[in-house]
């Protein structure tokens, strides 16, 4: 299928050739270390904090199932809290227990959280704050990087950049800086993820805007139960790609495209879509554009039509099995009414909005 609109930008053929040149020196950053995947970085942090089996940690129910993988490995008990319609912590859903050790917060889609309220909460209850910034590469809250919040933060690159893997773990609290060497050693494993040939082929396909297979059926809520820890090192091509990227440019372009989509949707005023207002803040680098759909019939139609034309409008996330089975804090109900528009720094606003018009106008015709 040609003419696809995907979630990630594409590496140019020239940049691909540059990536294949001999390796440069490794990335180094004070108080941070690099590894292949965020779940492995989280595992190493939890292990270094000496959280024993049975330890309890707060985390949002509306989250990917892979976050639970380190919990399973270490025997940690997840206590789920709810999230508001604007993807902020719903503190009213937290029943605090004295033996809770930490809280994981999520910067959904690279958007700001209510950081002052979170800081007050962790101080009140003497918690360790683990900031899941997997969606927030290049994103800031005003002039401050999202990854700088929390006692620890974890940022993923592969959600925003077209790389094989890549995650950065930072220690932001001086009280834990003594763990830096041990965390760096734990993250710097020898295991290599051998996907270079696949990366090259995928890059060429993406450059040609070609997808050899159809997009998945995102209307199916699956329990994937991904239990792999993904203990790989930071891929060398991904490391070089990270050096080539201007975070400021990524942020500016993504912010601009998000605003263009927002203006387009407000202007079109499709009666089956609801724009979620006031969630983009100054300095944010949005990973995607969240959108609420009025009912299941339109929701399924959007996903089917976009799949047919190769427009990667999708659902999110693949939630933990317990959350799905019990619909904890209404997460399944939320999942069944939200769609996410792909957004990245290589998109052209006018062409993108034209493609959106074709999809949504067709949906309107087929559902009426």
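The values are calculated or read from the model by the stated rules, or taken from the named source; none is laboratory data. All of these numbers come straight from a predicted model, not from anything done at the bench. Here the Cβ is made from the backbone with ideal geometry for all residues, glycine too, and neighbour counts use every protein chain on show.
Structure above, values below:
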item	result
All positions within segment 331-357 that are assigned to a helix (DSSP H, G or I) and either in contact with a helix residue (DSSP H, G or I) (Cβ under 6 Å, 6 or more places away or on another chain) or touching a residue at least 24 places away in the same chain (Cβ under 8 Å) (or both)	331, 332, 334, 335, 349, 352, 353, 355, 356, 357
Residue in segment 154-161 that is surrounded by fewer than 23 Cβ atoms within 10 Å (Cβ to Cβ), part of a strand (DSSP E or B) and out of contact with any helix residue (DSSP H, G or I) (no Cβ under 8 Å at 6 or more places or on another chain) present	no
Residue match in segment 78-89 (condition: more than 23 Å from residue 178 (Cα to Cα), free of Cβ contacts under 8 Å to residues at least 40 places away in the same chain and in a helix (DSSP H, G or I))	no
Residue in segment 55-78 that is over 22 Å from residue 324 (Cα atoms) and in contact with a strand residue (DSSP E or B) (Cβ under 6 Å, 6 or more places away or on another chain) present	yes
Hits in segment 171-201 - residues which are surrounded by 16 or more Cβ atoms within 10 Å (Cβ to Cβ) and either more than 28 Å from residue 132 (Cα to Cα) or touching a helix residue (DSSP H, G or I) at 6+ places or on another chain (Cβ under 8 Å) (or both)	171, 172, 179, 183, 186, 187, 199
Tally, over segment 316-327, of residues that are surrounded by fewer than 19 Cβ atoms within 10 Å (Cβ to Cβ) and either in a helix (DSSP H, G or I) or modelled with pLDDT of 95 or more (or both)	6
Filter pass, residue 191 being part of a loop (DSSP other than H, G, I, E, B) and over 22 Å from the mean Cα position of the chain (by Cα)	yes
Residue among 353, 331 that alone is over 22 Å from residue 257 (Cβ atoms) and at pLDDT 95 or above	331
Some residue of segment 105-112 being more than 12 Å from the chain's Cα centre (by Cα) and surrounded by 22 or more Cβ atoms within 10 Å (Cβ to Cβ)	yes
Cβ-Cβ under 6 Å pairs, at least 6 apart or on other chains, segment 130-149 side outside the structural domain of residue 345 (by TED's automatic domain parsing) and surrounded by fewer than 24 Cβ atoms within 10 Å (Cβ to Cβ), far side in a loop (DSSP other than H, G, I, E, B) and modelled with pLDDT under 95	135/159
Scan of segment 292-320 for residues that are within 19 Å of the chain's Cα centre (by Cα) and under 21 Å from residue 61 (Cβ atoms), ordered by number	292, 314, 315, 316, 317, 318, 319, 320
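Yes or no, residue by residue, for (1) under 29 Å from residue 72 (Cα atoms); (2) in contact (Cβ under 8 Å) with a residue 60 or more places away in the chain; (3) touching a helix residue (DSSP H, G or I) at 6+ places or on another chain (Cβ under 8 Å):
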{"site": "227", "(1), (2), (3)": "yes, yes, yes"}
{"site": "240", "(1), (2), (3)": "no, yes, yes"}
{"site": "248", "(1), (2), (3)": "no, yes, no"}
{"site": "251", "(1), (2), (3)": "no, yes, no"}
{"site": "254", "(1), (2), (3)": "no, yes, yes"}
{"site": "286", "(1), (2), (3)": "no, yes, yes"}
{"site": "312", "(1), (2), (3)": "no, yes, yes"}
{"site": "328", "(1), (2), (3)": "yes, yes, yes"}
